[in-house]
Every structure is written in structure tokens, then in C-alpha cells.
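A short worksheet on the structure shown next.
The values are calculated or read from the model by the stated rules, or taken from the named source; none is laboratory data. These numbers were taken from a predicted model, which means no experiment stands behind them. Glycine also receives a Cβ, built like all others from the backbone with ideal geometry; neighbour counts cover every protein chain displayed.
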Amino acid sequence: MNPFRTFTLLFLLMFLNKPGNARAQRNQPSSEILSRAETSAIINDAVRKQFGIDFTIIRAYKYIDRSGQYCCVLTEKLDSLVENDKGGYDSLHYVIRAINLKEDSGKLKKVWEINDHAIRDQKFAGVEKSIWFWTRYIEFTDFDGDGLIEPIVVYGSGTEDNEGGRIKFIIYYKGQKVAIRHQDSDLDEGRATQVDKAYYTLPPKLKASLTAKMEAMNKARQGIFEKTSF
């Protein structure tokens with residue numbers, strides 16, 4: 001069977017065969033985290049080859065809105081394992097990639113992708129030991145009620161001295177990519193936040209969600225954002 005038709009069938013079954021979903025999907029956007037089994041069924045070997053999905057899939061989201069059905073796949077390259085102070089191991093990743101796929105007439109189409117890597121050059125200060133997706137803060141929601149989901153993808157890095165790192169928010173709003181780039185540091189002079197101009201055109205509820213995520217990071221000591229950052 002054509003892998004793209006397989007994707008379409010699986011996608012529809014997983015969305016519409018759950019109690020109450022058929023009616024809900026016709027009326028409002030929704031999103032859900034795919035299980036490992038569902039991810040493997042949709043992102044099979046043929047799909048991986050088609051879109052060059054070579055890294056480990058750490059999470060996949062399915063979402064549907066008035067524009068169609070989507071699957072957003074988050075991948076991280078596994079570079080090494082290091083022992084932690086709890087007696088276990090942490091995985092280190094030097095490269096990450098997110099790819100957003102849309103079902104289109106029985107085939108898959110890439111809508112957008114995100115690529116980034118850890119800064120490993122020893123000539124630069126703040127060499128990063130790993131970069132990864134911060135799934136706690138990732139969200140797929142229709143913030144302005146127009147029937148279209150606005151994805152928020154969040155990821156960050158950590159330095160070898162654990163004194164800083166980068167945090168990035170990537171938002172897709174009406175087909176436009178909007179980014180917030182934050183350089184974190186324990187020192188005031190080491191912190192900086194860069195905001196795309198398009199951020200100020202985002203709907204209030206979306207901006208409120210971004211602010212709430214930053215406040216949660218402050219509380220969890222995952223970053224230091226000041227109210228005057230932007």
C-alpha cells in the first residue's frame with residue numbers, strides 16, 4: 001500500500017474513531033500527542049526516507065484545524081551518554097530538527113521545519129554541551145479563534161559550565177515564522193533577548209501564553225526572563 005495513503009487512513013482513524021471526536025473535529029481545532037506506536041505507524045521507514053528523518057523521534061504531535069491535518073515530528077541526534085549525579089545517564093544532543101507534515105490529497109507535504117545545533121566551537125565562550133526540545137512548553141492551540149492552530153515550539157541549550165544557554169521560542173502564525181531568541185546567563189550583562197518585529201502583531205492570548213511560559217521557566221530556574229526584556 002502507498003505509504004502516504006496509509007498515513008491518511010491512520011491519521012483519520014486516530015482522530016475520528018475516538019468517542020466524540022468526529023463532531024468535535026468539525027467544529028473546532030484540536031491537538032494530541034501521538035503514542036510511540038502511533039508515531040511508528042505514521043512515520044514509518046518510507047516516510048523517514050522521503051523526508052530525511054534520520055534522528056531519534058522524541059515526540060510527535062497530531063493536530064487538525066480548518067486548513068487540514070498535520071503531524072509535527074520532533075527529532076534529536078543522539079551524540080553521547082553521560083553519567084548524572086543520580087546514578088543514571090543523560091543523553092547529549094548536538095543537533096535537533098522539527099518537521100511539520102500536512103496530509104494533502106493522500107500524500108504528505110512538508111509545511112515547515114526547524115533546524116538548530118549546539119555551539120561546540122571552543123573558540124567561542126559558553127560552549128554548549130547539549131540542545132533539546134523543551135516539550136513542557138510546546139503548544140498547539142488556536143489562540144485567536146480563527147479556526148487555525150498557532151504552533152509554539154520551544155527548545156534550549158545548556159553550557160558545559162551550567163552557567164547559561166540559549167532558549168528559543170518559534171511561533172507560526174498565519175504562515176509566518178516568528179522567533180524569540182534568549183541568551184541566558186547568571187550575570188545581568190550576559191542576558192539578552194531578541195524579538196522579531198512580527199511578535200508585536202501576534203494576538204494578545206498568544207503573547208500571554210508566551211509570557212506565562214517565561215514566568216514558568218523563571219520559577220523552575222530554567223532561565224531568567226525580566227519583564228523589561230522586550
Picking from Ala220, Ala208, Ala192, the residue that is under 30 Å from Leu101 (Cβ atoms) and of a type in the set (Gly, Ala, Ser) would be Ala208
For segment 24-61, which residues satisfy the criterion of being modelled with pLDDT under 95, among the polar types (S, T, N, Q) and in a helix (DSSP H, G or I)? Gln25, Asn27
Selection status of Lys197, touching a helix residue (DSSP H, G or I) at 6+ places or on another chain (Cβ under 7 Å), of a type in the set (D, E, K, R) and under 30 Å from Asp146 (Cα atoms): no
Yes or no: Phe124 more than 12 Å from the chain's Cα centre (by Cα), among the aromatic types (Phe, Trp, Tyr) and over 18 Å from Gln28 (Cα atoms)? yes
Could you tell me whether Ile64 is crowded, with 20+ Cβ neighbours inside 10 Å, among the hydrophobic types (A, V, I, L, M, F, W, C) and assigned to a strand (DSSP E or B)? yes
Collect the residues in segment 142-167 that are over 19 Å from Gln194 (Cα atoms), of a type outside the set (D, E, K, R) and either modelled with pLDDT under 95 or in contact with a Pro (Cβ under 8 Å, 6 or more places away or on another chain) (or both), keeping them in residue-number order. Phe143, Gly147, Leu148, Ile149, Thr159, Asn162
Which members of segment 154-182 meet the condition of being loosely packed, with under 15 Cβ neighbours inside 10 Å and over 30 Å from Arg66 (Cβ atoms)? Glu160, Asp161, Asn162, Glu163, Arg181
Sole miss for Ala216 among (1) over 16 Å from the mean Cα position of the chain (by Cα); (2) surrounded by 17 or more Cβ atoms within 10 Å (Cβ to Cβ); (3) in contact (Cβ under 8 Å) with a residue 60 or more places away in the chain is condition (2)
Unique residue being more than 20 Å from Ile149 (Cβ to Cβ) and touching a strand residue (DSSP E or B) at 6+ places or on another chain (Cβ under 7 Å) when the list is Ile99, Ile64, Ile33, Ile53: Ile53
Identify all residues within segment 193-209 that are farther than 11 Å from Ala179 by Cβ and part of a helix (DSSP H, G or I); write none if there are none. Tyr200, Thr201, Pro204, Lys205, Leu206, Lys207, Ala208, Ser209
